[in-house]
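The values are calculated or read from the model by the stated rules, or taken from the named source; none is laboratory data. Here the structure is a predicted model, which is why all the values come from computation and not from measurement. Note that each Cβ is placed from the backbone with ideal geometry, even for glycine, and that neighbours are counted across all protein chains shown. What goes into the accessible areas is simple: the full protein's heavy atoms, side chains included, and nothing from ligands, DNA or RNA. Shrake-Rupley method; radii C 1.70, N 1.55, O 1.52, S 1.80 Å.
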Amino acid sequence: QCRYYSLSSLMLLITLMVYTYWQRGGRLGGLSFVFAAWCWFQVDFGTFWPVIGLLLLLAMVQAWPKWSKTAAVGLALAMSISPWVWYYEIFDRLKTSATTWSDKFFGNLFHMNQFLIPIVVFIPAGILFVCKWRKIPLLPRQLILICLLMLPISLLWVTSVAPWFFHRYIMPLTPLASLLMAWLFVEIGRLIGQGRKTANVTTAAAFMLSAAVAVCPLPSNVVTWMLPLDRLTKHPFGLL
């Protein structure tokens, strides 16, 4: 089960790190981003598309109206991977699925909720992000936004292009889910420890929240029990 998953997750993080360097105005940042994204494409040409599309879109919005340099980076990346799109015969890999779109959607939602991030954790993260929007510095705000948007976008992407709802199609996104949950638990810990003289309360609260989600199946199963189980894979960890 190792396949390309760990390497894809690593390259996703490296691409995101280089993207941050580029957005900070780092020297040769655009070229570095193209190179990192090209390397990631060679590892995983499935997860690549929605992530890179979102990153370039956000970079374009951030640079507006001076978007020409960002567009040039996107064009350079497209030109660098276009021969490999042909070589890997990516368009021929799209297969007609005998499973309905809704079945695949609920199956992918099951895997995302069970193994990436519980929906009951994802929703509060989104609400807290909106409430703290103006208080978060620009670059961290953009990174959290990427994590929040990337999960539902990838859910729709995988459902639309993949013939079945395998967990491996969304597994490389695990680091993004982890980063989002870590941010949420730290922020909740700060709220709990607000006004106290010691930081131990904040640390303990964040640790207990993260441990509860990691160990206890209830946060995931709150949603799992609501899904149409007869349409899902009977994974042995699905109903702990």
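Figures for the structure shown
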read-out	value
Flag for residue 148 being touching a helix residue (DSSP H, G or I) at 6+ places or on another chain (Cβ under 6 Å), closer than 15 Å to residue 125 by Cβ, of a type outside the set (Ser, Thr, Tyr) and buried (at least 21 other Cβ atoms within 10 Å of the Cβ)	no
Selection status of residue 58, open to solvent by less than 20 Å² (accessible area, probe 1.4 Å) and touching a residue at least 12 places away in the same chain (Cβ under 8 Å)	no
Single residue of segment 62-77 satisfying the filter (at pLDDT 90 or above and farther than 21 Å from residue 40 by Cβ) that is surrounded by the fewest Cβ atoms within 10 Å (Cβ to Cβ)	68
Output for segment 42-59, where each listed residue is among the aromatic types (Phe, Trp, Tyr), over 12 Å from residue 15 (Cβ atoms) and in a helix (DSSP H, G or I)	49
Filtered residues of segment 82-101 (kept if assigned to a helix (DSSP H, G or I) and modelled with pLDDT of 85 or more)	82, 83, 84, 85, 86, 87, 101
Index of the failed condition, residue 129 passing every other in (1) open to solvent by 50 Å² or more (accessible area, probe 1.4 Å); (2) of a type outside the set (Asp, Glu); (3) at pLDDT 95 or above	(1)
Selection status of residue 111, open to solvent by 50 Å² or more (accessible area, probe 1.4 Å) and closer than 20 Å to residue 9 by Cβ	no
Residues (touching a helix residue (DSSP H, G or I) at 6+ places or on another chain (Cβ under 7 Å) and either farther than 25 Å from residue 218 by Cβ or open to solvent by 30 Å² or more (accessible area, probe 1.4 Å) (or both)) located in segment 98-108	101, 103, 104, 105, 106
